[in-house]
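Worksheet: one structure, shown below.
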Amino acid sequence: MIDLHQIYPLSMDMVAWRGIIFTIFILNFVLACQLLLLQPLVSASEGQPVKADDYLEKAAQSIKVKRYSEALEDLNAAIEADQTLSEAYSRRANILRLLCRYDESEVNYSKYLELKPGNAAVEKELSQLHQARSALETASSLYDSGDVKKALEYVDKVVLVFSPACSKAKLLKVKLLLSSKDYSGAIAETGYILKEDEDNLDALLVRGRAYYYLADHDVAMRHYQKGLRLDPEHSELKKAYFGLKKLQKKTKSAEDNLEKGKLRLAVEDYKAAIALDPDHVAHNVHLHLGLCKVLVKLGRGKDALSSCTEVLTIDEEFIEALVQRGEAKLLTEDWEGAVEDLKAAAQKSPQDSSIREVLMRAEKALKLSKRKDWYKILGVSKTASVAEIKRAYKKLALKWHPDKNNDNREEAENKFREIAAAYEVLSDDEKRVRYDRGEDEEGMGMGGGGGGGYGFGGFDPFGGGGQQYTFHFEGGFPGGDFGGFHF
Ligand SMILES: *[C@@H]1O[C@H](CO)[C@@H](O)[C@H](O)[C@H]1NC(C)=O
């Protein structure tokens with residue numbers, strides 16, 4: 001056996017010792033580095049005050065730019081690092097109040113006041129919290145009971161003043177704006193909410209609703225769809241989406257049926273569409289107008305009238321509705337009403353010749369309605385023969401002869417005059433034709449006064465008889481058959 005220690009005792013000494021010294025040197029260096037580098041870390045986890053203040057500082061920066069959730073995280077960390085850091089509690093309480101997380105905020109304020117009793121500023125903040133919390137509760141119940149205006153005041157003047165980052169209050173405000181029909185206000189408010197949180201489903205829903213009530217259905221649809229992509233089971237979004245779909249479908253069907261002349265079906269569709277959402281005035285105004293039009297076409301004047309009136313209650317400036325209501329009134333023989341509506345329409349739209357045409361038609365009908373109805377006066381039908389007219393005249397003239405009505409002479413004279421005038425027109429072929437055509441002609445009984453212009457002049461219809469009765473009328477009574485008529 002060879003003893004290696006004995007063979008190489010010297011070489012071992014030389015090489016090994018150098019290596020050992022070098023190794024010790026390296027180890028020392030590493031240890032020194034370790035001590036230098038790790039020292040701060042060790043002391044940081046032990047020396048809490050430094051670290052907690054850092055978090056506090058970070059939180060302050062986040063609060064400045066309104067990143068409240070980040071600020072909260074830092075404050076939580078600060079408090080975890082130092083449970084007695086009073087400043088962190090008050091800041092946390094403040095943020096929680098801004099966010100209207102009132103219960104948590106309240107405990108944090110209390111915790112602060114426990115550490116620093118009697119701080120007036122924080123006590124004031126705590127009382128603002130109480131005001132804001134109760135105002136939010138009041139506003140919610142006012143909303144439920146329908147007192148929109150008051151609720152809005154609570155939200156605007158209290159809740160959002162002390163809790164400007166309260167999304168619950170913001171959303172309530174938007175709902176209130178929607179209830180008070182301030183749709184552009186609701187759109188603006190939801191715009192702010194969505195800018196901070198573009199996936200806010202409630203905001204998407206309410207904003208969609210606002211566009212819906214403005215009858216901007218495509219934009220409303222896009223909001224509902226975006227919301228449903230985020231949450232396909234959101235029941236209110238689903239309801240809004242399918243409700244709008246249905247309304248669009250019914251409306252289209254009504255319009256198609258009207259166009260195709262399927263009037264009765266159109267009536268049903270319009271009625272069904274209106275019933276889908278009676279509050280949707282911006283859209284329903286068109287549905288009521290469509291319904292009115294169809295009803296006019298069907299000759300259902302009374303129903304058409306009420307549909308058109310519905311339109312004009314919503315928008316009294318709606319020219320087309322005025323025209324259609326004029327038509328409806330013609331159907332119900334309300335000539336004056338028709339002229340009134342059509343005049344209003346023509347005034348609003350002086351260039352529209354079709355309105356002028358209907359107006360002229362109405363004016364003529366009104367005039368015709370005012371003239372005397374000779375047929376009625378003689379008690380004959382419009383198709384009566386000459387012989388019938390003559391017979392009727394004779395009978396009535398006999399009955400109303402003033403001499404035979406001494407007790408009511410004046411009435412009899414008037415009647416007699418009227419009967420004679422009726423006979424004058426209806427016994428003359430040419431005049432009768434013109435009268436039937438409704439031609440406006442002096443002496444055709446136009447203008448309400450009637451009769452007065454007719455006279456017998458020198459002609460005495462009762463002449464030849466024993467009793468003399470003289471009429472003092474100008475003009476001439478056409479003789480014709482009259483001459484041969486004796487009593
Ligand atoms: C303070 O607010 C936090 C929420 O950020 C909550 O967890 C905590 O319970 C509140 N109260 C105290 C005494 O810290």
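Calculated on C-alpha atoms, the gyration radius of region 336-417 divided by its Kirkwood radius gives an Rg/Rh of 1.28. Distances between every pair of Cα atoms in region 210-273, grouped in 10 Å steps from 0 to the bin holding the largest one, split as 23, 39, 26, 12, 1 percent.
Computed about its Cα centre, the charge dipole of region 169-257 is approximately 320 debye, with only Lys, Arg, Asp and Glu carrying charge at their Cβ. Available extension along the chain between residue 196 and residue 429 is 75.3 nm, counting 0.36 nm per residue and deducting the alpha carbon span. If you count Lys pairs in region 199-278 whose Cα atoms are under 14 Å apart, skipping same-chain pairs closer than 8 places in sequence, the total is 8. Can you give the Rg/Rh ratio of region 54-157, where Rg is from the C-alpha atoms and Rh is the Kirkwood radius? Rounded to two decimals, Rg over Rh is 1.07.
Using all pairs of distinct alpha-carbon atoms, the Kirkwood hydrodynamic radius of region 197-341 works out to 16.3 angstrom. Would you list which lysines come within 25 Å of residue 348, measuring only between C-alpha atoms, while excluding same-chain residues fewer than 8 positions from it? Result set, ordered by chain and number: 293, 297, 302, 329, 364, 367. Would any residue of region 63-78 have its amide N under 14 Å from a label point 7 Å out along Cα→Cβ of residue 165? List them or say none. Inside the label zone: 63-76. By the rule of a C-alpha distance below 26 Å, with chain neighbours fewer than 8 residues away ignored, the lysines paired with residue 157 are 64, 66, 124, 149, 168, 170, 173, 175, 181, 195.
Over all projection directions, the Cα-based convex hull of region 268-368 averages an area of 5.9 nm².
Could you calculate the FRET efficiency of residue 149 with residue 61 from 1/(1 + (r/R0)^6), where r is the beta carbon distance between them and R0 is 41 Å, rounded to 0.05? Result of the calculation: an efficiency of 0.50.
Spin-label point model (7 Å from Cα, Cβ direction): what's the residue 249 to residue 399 distance in nm? Here the answer is 6.5 nm between the modelled labels. Shape index of region 310-356: Rg/Rh, with Rg the Cα radius of gyration and Rh the Kirkwood radius from the inverse mean 1/r over Cα pairs, equals 0.95.
The shape of region 166-228 comes out oblate: with a ≥ b ≥ c from the C-alpha gyration tensor, a/c is at least 1.5 while a/b does not beat b/c.
Compute the Cα gyration tensor for region 109-197, then decide on rounded, prolate or oblate, letting a ≥ b ≥ c be the square roots of its eigenvalues: rounded whenever a/c is under 1.5, prolate when a/b is larger than b/c in the other cases, and oblate in all that remain. Prolate. In straight Cα distance, which lysines are under 28 Å from residue 399, not counting same-chain residues fewer than 8 positions off? In chain and number order, the partners are 370, 372, 376, 382, 390, 415, 431.
Values quoted throughout were computed directly from the atomic coordinates according to the rules given, and no laboratory measurement underlies them. Everything quoted here is computed from the prediction, not taken from an experiment. A quick note on method: Cβ atoms are made from the backbone with ideal geometry, for glycine too, and the neighbour counts reach across all protein chains shown.
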